[in-house]
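Engineer: Let me give you the structure first, and then I'll get to my questions.
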Amino acid sequence: MPRKKLIAANWKMYKTPDQTRDFFRDFLPLVSGHTRDEIVVCPPDIDLATAHGSAKGSNVAIGAQNVHWKPEGAFTGETSAAMLLALGITHVIVGHSERRQYFGETDDTVNMRLKAALEAGLTSICCVGEVLEERESGLTDDVLRRQCVRAFHTISAKKAAKLVVAYEPVWAIGTGKTATPELAAEAHAVIRREAAEVFGDEFASGLRILYGGSVKPENASSLMSQEEIDGALVGGASLDPKSFAAIVKY
Ligand code: 13P
């Protein structure tokens, strides 16, 4: 079965509720009737309700950028999977490199978040990727394998049904430097092999692996034409409705 591509916007810490409403007003007509790919927008939590309301009945799903592993509790600043589900949210990003870099996210907390998200039935986009020094030292494959093994720890293939992995080389995020399609495809193959080790071959062959890192309308089609690349996780270029629509329609 061919893997349906997933094109996801990660808005990071951009846009207010009003700006979110404006985005959907302009974006939805540009992608209406587009069924070839799954489209997801992940705004900051403060915009989730507005985004969900604006996208209701459309072909665009809404995701969060993070999720806590407990259903509720004294965890200031966090949001649980149950809370996301209550709002109608279907997707979530877990373990983004900015969380790992600036907010103390570790392989272990990524694993706990991922487990909770999958158990709640959220389509969970687990991010992995090497920093520049690791690539230059020839450690990329080791880093990707370690991040995957630790993220997937004690998750069964059955529980992982809604798992998606995003390969985001940290040196390509927000830098304008994109991994070449060939280089991205090589990293995706490493991730798929690791997924096969953990979850089995059949699961791995159906697993969607997205590429993220300076995806733009100009480079989307060459990246998406790689058989190993099953979609994109787009930061900066997803903030503008025209530019994100152009990526969706690569
Ligand atoms: P940019 O597309 O801005 O490089 O960001 C990529 C990213 O981090 C998506 O999660």
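Taken together, the values in this text are just the output of simple stated rules run on the coordinates, not laboratory data. Model, not experiment: these values are computed from the prediction. Ideal geometry is used to build each Cβ from the backbone, glycine not excepted, and the neighbour counts take in all protein chains shown.
Engineer: Is there any pair linking a residue in region 225-242 that is under 16 Å from Lys5 (Cα atoms) and more than 8 Å from the ligand (Cβ to nearest atom) to one that is assigned to a loop (DSSP other than H, G, I, E, B) and hydrophobic (A, V, I, L, M, F, W, C), with Cβ under 7 Å and at least six apart or on different chains, and which?
Structural biologist: If the second residue must be assigned to a loop (DSSP other than H, G, I, E, B) and hydrophobic (A, V, I, L, M, F, W, C), the pairs left are Ala232/Val215.
Engineer: Out of the residues in region 1-48 meeting the condition of being touching an Asp or Glu at 6+ places or on another chain (Cβ under 7 Å) and in a strand (DSSP E or B), tell me which one is surrounded by the most Cβ atoms within 10 Å (Cβ to Cβ).
Structural biologist: Ile7
Engineer: Taking the options Gly121, Gly212, Gly129, name whichever one is within 15 Å of the ligand (Cβ to nearest atom) and at positive phi.
Structural biologist: Working: Gly121 fails: within 15 Å of the ligand (Cβ to nearest atom); Gly212 fails: at positive phi.
From the options Gly121, Gly212, Gly129, the qualifying one is Gly129.
Engineer: Could I ask something else about it? Answer yes or no: is there a residue in region 86-93 that is under 16 Å from the mean Cα position of the chain (by Cα), buried (at least 18 other Cβ atoms within 10 Å of the Cβ), touching a residue at least 60 places away in the same chain (Cβ under 8 Å) and on the phi < 0 side of the Ramachandran plot.
Structural biologist: Taking every residue of region 86-93 in turn, at least one turns out to be under 16 Å from the mean Cα position of the chain (by Cα), buried (at least 18 other Cβ atoms within 10 Å of the Cβ), touching a residue at least 60 places away in the same chain (Cβ under 8 Å) and on the phi < 0 side of the Ramachandran plot.
Engineer: Here's a follow-up. Output the residues belonging to region 135-181 that are in a helix (DSSP H, G or I), farther than 30 Å from Leu239 by Cβ and either within 15 Å of the ligand (Cβ to nearest atom) or not aromatic (Phe, Trp, Tyr) (or both).
Structural biologist: Quick first cut of region 135-181, residues in a helix (DSSP H, G or I) only: 135-136, 140-152, 159-162, 170-172, 181.
Then drop every residue that is not farther than 30 Å from Leu239 by Cβ, which leaves 136, 141-142, 145-146, 149-150, 152, 159-161.
Scanning region 135-181 gives Glu136, Asp141, Asp142, Arg145, Arg146, Val149, Arg150, Lys159, Ala160, Ala161.
Engineer: Whether any residue in region 169-176 is touching a residue at least 12 places away in the same chain (Cβ under 8 Å) and touching a Phe, Trp or Tyr at 6+ places or on another chain (Cβ under 8 Å) is what I want to check.
Structural biologist: Taking region 169-176 as the starting set, the residues that turn out to be touching a residue at least 12 places away in the same chain (Cβ under 8 Å) are 169-176.
Keeping just the survivors that are touching a Phe, Trp or Tyr at 6+ places or on another chain (Cβ under 8 Å) gives none.
Within region 169-176 (the criterion being touching a residue at least 12 places away in the same chain (Cβ under 8 Å) and touching a Phe, Trp or Tyr at 6+ places or on another chain (Cβ under 8 Å)), the answer is no, since none of the residues qualifies.
Engineer: Being within 14 Å of the ligand (Cβ to nearest atom), surrounded by fewer than 21 Cβ atoms within 10 Å (Cβ to Cβ) and either under 18 Å from the mean Cα position of the chain (by Cα) or under 23 Å from Val248 (Cβ atoms) (or both): is that true of Gln65 here?
Structural biologist: Numbers: within 14 Å of the ligand (Cβ to nearest atom): yes; surrounded by fewer than 21 Cβ atoms within 10 Å (Cβ to Cβ): no; either under 18 Å from the mean Cα position of the chain (by Cα) or under 23 Å from Val248 (Cβ atoms) (or both): yes.
No, not satisfied.
Engineer: Collect the residues in region 100-132 that are under 16 Å from Gly213 (Cβ atoms) and outside any loop (DSSP other than H, G, I, E, B), keeping them in residue-number order.
Structural biologist: Let us first name the residues in region 100-132 that are under 16 Å from Gly213 (Cβ atoms), namely 100-101, 125-132.
Listed by number, the residues that qualify are Arg100, Gln101, Ile125, Cys126, Cys127, Val128, Leu132.
Engineer: Tell me the residue from Ile229, Ile191 that is of a type outside the set (Gly, Ala, Ser), crowded, with 18+ Cβ neighbours inside 10 Å, closer than 16 Å to Val164 by Cα and in contact with a Cys (Cβ under 7 Å, 6 or more places away or on another chain), please. Walk me through how you get there before you give the answer.
Structural biologist: Working: Ile229 fails: in contact with a Cys (Cβ under 7 Å, 6 or more places away or on another chain).
Answer to the check: Ile191.
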